[in-house]
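We did not get these values from a lab; they are worked out from the coordinates using the rules stated. This is a predicted model, so every value here is computed, not measured. We place every Cβ from the backbone using ideal geometry, glycine too, and count neighbours over all the protein chains shown.
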Amino acid sequence: MAEPAIKTTELVRTYGATNALRGVSLSVEKGEVVGLLGPNGAGKTTLIKILTGLILPTSGAAFVDGIDVTDEPIRVKERIGYLPEVTAMYGAMTAGEFLRFMGGFYPIDVEARLDMLSERFRLEELMDSRISILSKGMARRVALARAVINDPHILFLDEPTTGLDPLTRATMHELVVDLQSEGKTILLCTHDLTEADKLCDRVAIIDDGRVLVTGAPGELKRRIEKDQRVEVTFRGEVPDLKGARRVGPRDFAVRVLRGEEEDVRKAVKKAKAQIVETRLLYPSLERVFTHYVLDRKE
Ligand SMILES: Nc1ncnc2c1ncn2[C@@H]1O[C@H](COP(=O)(O)OP(=O)(O)OP(=O)(O)O)[C@@H](O)[C@H]1O
Ligand SMILES: [Mg+2]
């Protein structure tokens, strides 16, 4: 089998007493789009920062394009593109000045590359605008153009669409799909499970510094089909039910295995509460996420 584009083995990273990564082993094949999913603080950004050579692991190893990121961070940086979670761009520069400046660090024909990117990313009108006045979506597009200025084969995108309106998000999705069809390898973090389902060949669900599961979205959905659940929403007094949680000002909900709704019904009746809705939870990627991240803790 060909060498993976990205590979980590037992990566550990601590920040003082915080264990951000507790032994992450992950492999991404060339040309694959892999999504990192996980709650806030799971360790996604930490993993990406190690892979892009921004921070060092405490222990374990990370390889990008077969190169050890700890030993040869510069060689890795030449080969990758990185869209950080929070983009720090020079606000006083225009978008054009910024992209020319960043492109100048690479052995490329900057003007030719910029012409191509500005057309493809629809940046023509932004090129003479100061970065500080760009809207979030415009700035994100400029940041993505910066990430691919050197035409890298491997891309790290940390929440590329967070905070974008639906249309701008769709534009970002198109750009990711285009990059994938060019054969790029993409590792992206997202909280948008619909986005992950649409864009990713595989996802890795991370929580508390560990990979809980990896697989194609469809495969993960099939895996949890057998424990299909029902969500019962009710209003009024909270019955004595394990796992009941507030879902609205007056509403509570509980998720139980299919076939166990009767017990919920009885408990709700006993508490003199009312059932508002009973909903079958189809195996969506959201359901997969809940299964691995939430149900595990209940
Ligand atoms: N520079 C730092 N100093 C100390 N702790 C840090 C630092 N960066 C991250 N952490 C901690 O490491 C853990 C993982 O953080 P990380 O940013 O990797 O999470 P994440 O999965 O990207 O979360 P989010 O979805 O909110 O972006 C958290 O507990 C966080 O507080
Ligand atoms: Mg993050």
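A few notes on this one:
- Structure-based [θ]222 nm, the chain - -39500 (n - 2.57) summed over DSSP H runs of at least 4, per residue, nearest 500: -9000 deg cm²/dmol
- Once the Cβ-Cβ distance of residue 129 and residue 56 is raised to the sixth power relative to R0 = 25 Å, the FRET efficiency obtained is 0.10.
- Largest GNM mean-square fluctuation among 121, 252, 156, using the chain with Cα springs under 10 Å: 252.
- Whole-Å semi-axes of the chain's equivalent ellipsoid (Cα gyration tensor): 41, 23, 17
- Amide H contacts under 5 Å for residue 212, placed H, 5+ residues apart: 205, 206, 207
- Projecting the Cα atoms of 20, 83, 40 onto the charge dipole of the range 1-108, computed from C-beta unit charges around the Cα centre, puts 40 farthest toward the positive end.
- Among 106, 82, 15, the largest mean-square fluctuation in a Gaussian network model of the chain (Cα springs under 10 Å) belongs to 15.
- The phi-based Karplus calculation (6.51 cos²θ - 1.76 cosθ + 1.60; θ = phi - 60°) puts the 3J(HN,Hα) values of the range 6-17 at 9, 8, 10, 10, 6, 6, 10, 9, 10, 10, x, 8 Hz, whole numbers, x for Gly and Pro.
- For the chain, the Cβ-based charge dipole about the Cα centre amounts to some 1400 debye (Lys, Arg positive; Asp, Glu negative; other atoms uncharged).
- Charge sum, other residues only, whose C-beta stays under 13 Å from residue 162's C-beta, Lys/Arg counted +1 and Asp/Glu -1: -2
- Cβ crowding within 10 Å ranks 54, 285 as 54, 285, fewest other Cβ atoms first.
- Whole-Hz ³J(HN,Hα) from phi, Karplus 6.51 cos²θ - 1.76 cosθ + 1.60, for the range 142-158, glycine and proline x: 5, 5, 5, 4, 4, 5, 10, 4, 8, 6, x, 8, 10, 10, 10, 10, 9
- Built amide H within the under 5 Å cut-off of residue 276, gap 5+: 233, 234, 235
- Exceeding the 21 Å Cα-Cα cut-off - candidates 30/136; 136/184; 7/30; 49/184; 7/44; 184/221: 30/136; 136/184; 184/221
- Length available on full extension from residue 275 to residue 71: 0.36 nm per residue minus the Cα-Cα distance, which gives 67.5 nm.
- Applying the Karplus relation 6.51 cos²θ - 1.76 cosθ + 1.60 with θ = phi - 60° to the range 59-67 yields 3J(HN,Hα) values of 7, x, 10, 9, 10, 10, 6, x, 9 Hz, where x marks Gly and Pro.
- For residue 271, the shell of other residues with beta-carbons less than 9 Å away shows a net charge of +1, using +1 for Lys and Arg and -1 for Asp and Glu.
- A straight Cα-to-Cα reach below 19 Å connects residue 266 with the lysines 242, residues fewer than 8 places away in its own chain not being considered.
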